[in-house]
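Asks: My structure is below; once you've seen it, I'll send some questions.
The values are calculated or read from the model by the stated rules, or taken from the named source; none is laboratory data. Here the structure is a predicted model, which is why all the values come from computation and not from measurement. Cβ atoms come from the backbone with ideal geometry, glycine included; neighbour counts cover every protein chain shown. Surface areas here come from the heavy atoms of the whole protein model, side chains and all, with no ligands, DNA or RNA. Shrake-Rupley method; radii C 1.70, N 1.55, O 1.52, S 1.80 Å.
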Amino acid sequence: MMKRKNKLLLLAAFVFVLTIAGIQSKLMPKTLASIAAAIYVKTHYGGQNYSFAGVEYESHFGQYIVSFKNRSERLHLMMYPNAMPVLVQYDPHDTSR
């Protein structure tokens, strides 16, 4: 029982360290921004056949910009907060904001 508890504690510590390292290296925020934006596009523009085009960190704005495209246009979403970008700050097609 104690060995199992120690293994779980060690695993939790390892996952925590990897998470912190991922946030610091910009790999995790970039991935989170891509996933969150894809979910947003699927729920708001599901019938328009957008496909993922790329993600980049824009240092001028301090945010990630995730791009999607379909046959006729491109969609660029600004994601925030910087460390864990899971919210859409700007959607050029959403006029209610």
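Asks: Filter the range 10-47 down to residues that are open to solvent by 80 Å² or more (accessible area, probe 1.4 Å) and either of a type outside the set (A, V, I, L, M, F, W, C) or in contact with an Asp or Glu (Cβ under 9 Å, 6 or more places away or on another chain) (or both), then give me how many there are.
Replies: Matching residues across the range 10-47 total 6.
Asks: To continue, here is another question. How many of the residues in the range 59-75 are modelled with pLDDT of 90 or more and open to solvent by less than 80 Å² (accessible area, probe 1.4 Å)?
Replies: 9
Asks: Restricting the first residue to the range 28-55 and requiring it to be closer than 13 Å to V88 by Cα, which pairs with a second residue that is open to solvent by 50 Å² or more (accessible area, probe 1.4 Å) and in a helix (DSSP H, G or I) meet a Cβ separation below 9 Å and a spacing of at least six or different chains?
Replies: V41/Q48
Asks: If you take the residues in the range 34-88 that are in a loop (DSSP other than H, G, I, E, B) and of a type in the set (A, V, I, L, M, F, W, C), which one is farthest from I20 (Cα to Cα)?
Replies: F61
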